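One structure, pasted below without further comment.
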Amino acid sequence: MIKKWWMESVGYQIYPKSFYDGNNDGHGDLLGIYKKLPYLKSLGVDLIWICPFYVSPMDDNGYDVADFYDVAPSFGTLDDFKKLLNKAKELGIRIILDLVLNHTSDEHPWFMESRKSKDNPYRDYYIWQKGKSKGLPPTNWGSFFGGSAWAYDEATDEYYMKIFSNKMPDLNWKNEKVQDAMIDVAKYWLDLGVDGFRIDAVAHLARAPFVDAEPKDKPVVLDWHKFSNLPDVHIYLKKMYQKVFKPYDALTIGEVGGEANIESAYQYSAFDSGELNMVFNFDHNWCNNVFDIDNLENLKTDVKRLKEVFNKWQVAFKQRGWLPLNWLNHDQPRLISHYGDQMYPLESGKMLATALYLMRGTPFVYQGEEIGMTNYPFQSIEDFNDVSSINRYYDLKRENKYTEAEILFKLSINSRDNPRSAIQWDDTKYAGFSKVKPVVNVNPNYIEINVKNNLENKGSLWYHYQHIFKLRKDPKYKELFVYGTYEQVPTSDELYVYIRENSAYKAYVINSFSRENVTYKLKINFDSVLLNNYENILINDDIITLSPYQSVVLVVKKEQL
Ligand code: NOJ
């Protein structure tokens, strides 16, 4: 059996702008993370993924990098980062960074050179093409952030490719100089002492031939196949693995959205792939109508589908690889607003945590999830900061199909600004995030939902998360919950039951996704209840009656079976 430190880790994702303001200028920063390391440690976290804090004009909050080697002043200095890294090491917390390989900022010196002339030595660092006649871009491909995947540049009368915003030109990975330059970037941070990377948009490093997407007569078509999971991506990653990931024994987790089917996930991250250690996929984020723009009135979770998705990935990866376990990231709605029940936020929140984080894989909690933070109550377009949400607002306005109020409602359900509001540390002004007015939104519900309240109440969501992570680390159960097998038990749709098993124990993880009481027949004499989000369990003649969103974990010593 393959065993690695990162399989036993408990991960936590930090979006630094909204995590904690360490120097009271209203902006979350590296000093803020440094100050909160003991907090993370007490939750049970020993691995942090920090989203980009590099020099950037912040068109996409740092994913538009202008200097891969330095820290943006709004986040602090390189010395702050070193201080953070040292303190984290002292506490036994490892750090991985976001490695942005697909694009740079248009303010990166490479691009500023590249756009100057067709014979500039940096021209070929990016993807340039002549337009079609009549001022049309080279193809009708659409970008993820709305509009065309091409932007026109007057200086040389050509278009550059940009599958995200206009200020994020795509790098040309066919160019070996680009490959080598990004290998150097990775080495630089590993030499400083980080333990690896979450690799941004990794599926998109290669492009199909520049032929219009279907339907060809449509001016803009968002067809991800044109730039997702194409064969050359694997050539680039194999090179990175040989030159940097392998020699440094770095942990690597690729962001592989969209079409991450099992076969392509194996290619990226099977144990013998020679590319990455894991991939984040998004299948489980799309099991209700949260992203169905015309149908957002009544959110309904398709539990059957959710179970199928989890099961599909768990089964596929049971021998050939390892999975990260995350409910959301900085691009997804808040968990309680997405899959939780507003009538039972605490019960449903605890159940969702149990259901996911006891699977086989490495948990990644998204900041604020552990205290039950919710979506932000947006009032106007002024409340948005995310470039894709703002583009979408104007696209919808132009379509003229919805009223202003309807557009705002739609955005408020799934905007990427939802998970980016300030972390609610306490009930003082600005939620204890900063002493001055923050540059990020502060959800008014911070008065009730905050870290301080959670820590003062033993029955809180926070303690439930801590309990789960303690189970994963407990010398008695670590082998079971980290390395044990996973098997789903067939049940009615509203129940999700799975078994974790190793040579010593068998654990039943029983989760109800229902607002009603639900019964479940279980013929075992369990030894103990390891976790329960209610005070009691109602059992009568092998029949367990689960209260709304109840989840329980029952364990049996195998010698007694
Ligand atoms: C994926 C990141 O998660 C998202 O926040 C970002 O906008 C895009 N990649 C582009 O870097």
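The values are calculated or read from the model by the stated rules, or taken from the named source; none is laboratory data. None of the values given here were measured: they were computed from a predicted structure. Cβ sites come from the backbone with ideal geometry, for glycine too, and all protein chains shown count toward neighbours. Side chains included, ligands, DNA and RNA excluded: accessible areas come from the protein's heavy atoms. Shrake-Rupley method; radii C 1.70, N 1.55, O 1.52, S 1.80 Å.
List, in the order given, every pair from Lys83/Lys473; Lys134/Lys162; Lys216/Lys243 whose Cα-Cα distance in the structure shown is over 30 Å.
Lys216/Lys243
Which whole-number percent is the relative contact order of the stretch 485-560 (Cα, under 8 Å, 6+ apart)?
Here the relative contact order equals 33 percent.
What percentage of the solvent-accessible surface of the chain, computed with a 1.4 Å probe over protein heavy atoms, is contributed by carbon and sulfur atoms?
Here it works out to 49 percent.
Which three extents, in angstrom, do the Cα atoms of the stretch 109-161 have along their principal axes, listed largest first?
Result for the stretch 109-161: principal-axis Cα extents of 28, 24, 14 Å.
Lysine pairs in the stretch 338-471 8 or more apart or on different chains: how many have alpha carbons under 14 angstrom apart?
5
Which of the aspartates and glutamates could a cross-linker span from Lys246 if the Cα-Cα distance has to be under 15 Å and same-chain partners fewer than 8 positions apart are dropped?
Once the sequence-local aspartates and glutamates are set aside, what remains near Lys246 is Asp184, Asp191, Asp195, Asp272, Glu275.
Okay, next question. When the C-alpha atoms of the stretch 122-205 are aligned to their principal axes, what extent does each axis show, in angstrom, from largest down?
52, 25, 18
Quick query: amide H of Leu171 versus all other amide H atoms, modeled in the peptide plane; which residues come in under 5 Å with a sequence gap of 5 or more or a different chain?
Excluding prolines and chain starts, which carry no amide H, the hits are His103, Thr104.
If you line up the Cα atoms of the stretch 113-255 on their principal axes, what length do they span on each, largest first, in Å?
If we take the Cα atoms of the stretch 113-255, the spans are 51, 32, 22 Å.
Give me the distance between the Cα centres of the stretch 65-98 and the stretch 137-152, rounded to whole Å.
Cα centroid of the stretch 65-98 versus Cα centroid of the stretch 137-152: 34 Å apart.
Please give the peptides 303-313, 398-408 ranked by average Cβ packing (other Cβ atoms within 10 Å per residue), highest first, as a rough proxy for protection.
303-313, 398-408
Compute, for the stretch 109-161, the length of the dipole vector about the Cα centre, with Cβ point charges of +1 (Lys, Arg) and -1 (Asp, Glu) only. Units Debye, rounded to 20.
In debye, rounded to 20, the stretch 109-161 gives about 160.
Residue-wise, which Karplus ³J(HN,Hα) couplings in Hz belong to the stretch 210-226, taking 6.51 cos²θ - 1.76 cosθ + 1.60, θ = phi - 60°, and x for glycine or proline?
So the J values, rounded to whole Hz, are 6, 10, 3, 7, 7, x, 4, 7, 8, x, 9, 10, 7, 10, 5, 4, 5.
Right, next: With each run of n ≥ 4 DSSP H residues scored as -39500 (n - 2.57), what mean residue ellipticity at 222 nm is computed for the chain after dividing by its residue count and rounding to the nearest 500 deg cm²/dmol?
Helices in the chain give a 222 nm mean residue ellipticity of -7500 deg cm²/dmol.
Relative to the longest principal axis of the C-alpha atoms of the chain, give the angle of the C-alpha long axis of helix 345-357, reported between 0 and 90° and rounded to the nearest 10°.
80
Test of the criteria: in the stretch 411-471, which trypsin sites (Lys or Arg not before Pro) are in a DSSP loop and have at most 11 other Cβ atoms within 10 angstrom of their Cβ?
Lys458
Placing unit charges on C-beta atoms (Lys and Arg positive, Asp and Glu negative, everything else neutral), compute the dipole magnitude of the chain about its Cα centre in debye, rounded to 20.
1240
Treat the stretch 468-516 as a sphere of radius equal to its Kirkwood radius over Cα pairs and apply Stokes-Einstein at 25 °C in a medium of 0.890 mPa s; give the translational diffusion coefficient in µm²/s, rounded to a whole number.
It comes out at roughly 210 µm²/s.
Would you tell me the accessible area of Ile524, worked out with a 1.4 angstrom probe on the heavy atoms of the protein chains, in Å² to the nearest 10?
In the full protein context, Ile524 sits at about 30 Å².
Please pull out the direction-averaged projected area of the stretch 485-560, using the convex hull of its alpha-carbon atoms, in nm² to one decimal place.
With every direction weighted equally, the projected area is 4.8 nm².
Rounded to the nearest whole Å², what accessible area per residue is found for the stretch 309-427 with the 1.4 Å probe?
In whole numbers, the stretch 309-427 has 32 Å² accessible per residue.
Going by accessible area, probe 1.4 Å, with all protein chains left in place, what is the ranking of Glu275, Glu479, largest first?
From most accessible down to least: Glu479, Glu275.
Can you give me the long-range amide H partners of Tyr54? Hydrogens built in the peptide plane at 1.01 Å from N, cutoff under 5 Å, separation of 5 or more residues or another chain.
Ala72
Sticking with this one: Take every Cα pair under 8 Å in the stretch 519-561 that's 6+ residues apart, average their separations, divide by the length, and report that relative contact order as a whole percent.
Rounded, it is 50 percent for the stretch 519-561.
Is there a pair in Lys35/Lys167; Lys521/Lys558; Lys82/Lys478 whose C-alpha atoms are over 26 Å apart, and which pairs would that be?
Exceeds cut-off: Lys35/Lys167; Lys82/Lys478.
Would you pull out the residues with amide H under 5 Å of Val221's amide H, same chain only if 5 or more places away, H placed 1.01 Å from N?
Excluding prolines and chain starts, which carry no amide H, the hits are Trp141, Gly142.
Which order do the peptides 374-382, 187-195 take when ranked by the mean count of other beta-carbon atoms within 10 Å per residue, highest first?
Result, highest mean first: 187-195, 374-382.
Something else now. Probe of 1.4 angstrom, ligands and nucleic acids ignored: what's the accessible area per residue over the stretch 109-161, in square angstrom?
Using a 1.4 Å probe on heavy atoms only, each residue of the stretch 109-161 averages 48 Å².
From the C-alpha coordinates alone, can you work out the Kirkwood hydrodynamic radius of the stretch 281-427, in Å?
About 16.5 Å for the stretch 281-427.
State the Cα centre-to-centre distance between the stretch 465-480 and the stretch 290-317 in whole Å.
Computed from Cα coordinates, the inter-centre distance equals 27 Å.
Rolling a 1.4 Å sphere over the protein heavy atoms, what is the accessible area per residue of the stretch 485-560, to the nearest Å²?
49
If you restrict to DSSP beta bridges whose two residues both lie in the chain, what percentage is antiparallel, to the nearest 5?
60
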